[in-house]
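Enquirer: One structure, pasted below without further comment.
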Ligand SMILES: CC(C)(COP(=O)(O)OP(=O)(O)OC[C@H]1O[C@@H](n2cnc3c(N)ncnc32)[C@H](O)[C@@H]1OP(=O)(O)O)[C@@H](O)C(=O)NCCC(=O)NCCS
C-alpha cells in the first residue's frame, strides 16, 4: 500500500489520495474494491475499481496510473485488460479530465465512449468527461 501511495503522489501530486484514503480503499477490498497492481520488482502501475456486489450495478474505474518512466510500454493497457476481465456483462463508468489525452486515448482504445460532460467540474474550470464501457457481444 505504501508503494502504491508513493506512486500515486508521483502521478497526481496535489490530487493524490491521502494515506487514510488508501487505507479506506484497501479495507474495502473484501467488500467492493478491486486493487490491481503492476509489479516489476517495484510497483509500476495500479488501478482501483469499485465493483458493487449487485450484478446490475455499474462498475466504476476510480483510478489508474503508471509510473512516468514506464509509460507507453503497455502497462496501462495490461491493467485495463485485467480490470475489464472482471467486468464481463457489466457497465463500467469513469470520469476523466477533458485535457487528459493519454487517459482518454487509453480508454478510447478499449471501447469506452463519452456519454456526458460536467462543465467546469475541475479546479481551473476543466470539464470532466464521463465515459462508459459495455462489453460487446
Ligand atoms: C493513462 C495512463 C495510465 C496510460 O498508461 P500507459 O502505460 O502509458 O498506457 P499504454 O502504454 O498501455 O498505452 C495504451 C494506449 O493508451 C493510449 N495512450 C497512452 N498514452 C498516450 C498519450 N500520451 N497520448 C495519446 N494516447 C495515449 C494509446 O492508445 C496507447 O496505445 P499505443 O501505445 O499502442 O498507441 C498513464 O498515461 C498515466 O498514468 N497517466 C497519469 C495518471 C492518469 O491521468 N490516470 C487517469 C486518470 S485516473
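Enquirer: Here is a list of conditions, (1) part of a loop (DSSP other than H, G, I, E, B); (2) on the phi < 0 side of the Ramachandran plot; (3) in contact (Cβ under 8 Å) with a residue 12 or more places away in the chain, and residue 94 meets all of them except one; can you say which number that is?
Expert: Evaluating residue 94 over (1) part of a loop (DSSP other than H, G, I, E, B); (2) on the phi < 0 side of the Ramachandran plot; (3) in contact (Cβ under 8 Å) with a residue 12 or more places away in the chain leaves (1) as the failure.
Enquirer: Still on this structure, I have one more. Being over 11 Å from the mean Cα position of the chain (by Cα), in contact (Cβ under 8 Å) with a residue 12 or more places away in the chain, under 17 Å from residue 12 (Cα atoms) and within 11 Å of the ligand (Cβ to nearest atom) is the filter here, so list the residues in segment 37-72 that pass it.
Expert: Within segment 37-72, 44, 67, 68, 70, 71 meet the criteria.
Enquirer: Please determine, by comparing only the residues of segment 3-35 that are within 14 Å of the ligand (Cβ to nearest atom) and crowded, with 17+ Cβ neighbours inside 10 Å, which one is nearest to residue 84 (Cα to Cα).
Expert: Looking at the filtered set, the residue picked out is 35.
Enquirer: Give the residue that is nearest to the ligand (Cβ to nearest atom), with candidates limited to residues of segment 82-91 that are surrounded by fewer than 16 Cβ atoms within 10 Å (Cβ to Cβ) and touching a residue at least 24 places away in the same chain (Cβ under 8 Å).
Expert: Step one: list which residues in segment 82-91 are surrounded by fewer than 16 Cβ atoms within 10 Å (Cβ to Cβ), which gives 82, 85-86, 88-89, 91.
Now restrict to residues that are touching a residue at least 24 places away in the same chain (Cβ under 8 Å): 82, 86, 88-89, 91.
Values: 82: 12, 86: 17, 88: 21, 89: 24, 91: 18 Å.
Across segment 82-91, the extreme among qualifying residues is 82.
Enquirer: Being surrounded by 14 or more Cβ atoms within 10 Å (Cβ to Cβ), at pLDDT 95 or above and in a loop (DSSP other than H, G, I, E, B) narrows it down to one residue among 121, 107; which is it? If you could, list the steps in order and put the result at the bottom.
Expert: On the way: 107 fails: in a loop (DSSP other than H, G, I, E, B).
Among 121, 107, only 121 is surrounded by 14 or more Cβ atoms within 10 Å (Cβ to Cβ), at pLDDT 95 or above and in a loop (DSSP other than H, G, I, E, B).
Enquirer: From the set of residues in segment 124-137 that are touching a strand residue (DSSP E or B) at 6+ places or on another chain (Cβ under 9 Å), part of a loop (DSSP other than H, G, I, E, B) and within 23 Å of residue 15 (Cβ to Cβ), which is farthest from the ligand (Cβ to nearest atom)?
Expert: The first filter runs over segment 124-137 and keeps only residues touching a strand residue (DSSP E or B) at 6+ places or on another chain (Cβ under 9 Å), leaving 126-135.
Okay, now just the ones that are also part of a loop (DSSP other than H, G, I, E, B), so 126-127, 135.
After this cut, where a residue has to be within 23 Å of residue 15 (Cβ to Cβ) as well, the list is 126-127.
Details: 126: 12, 127: 14 Å.
Once the filter is applied, the top-ranked residue is 127.
The values are calculated or read from the model by the stated rules, or taken from the named source; none is laboratory data. For clarity, every value in this text was computed on a predicted model and none was experimentally measured. Positions of Cβ are generated from backbone atoms using ideal geometry, with glycine treated the same way; all protein chains shown enter the neighbour counts.
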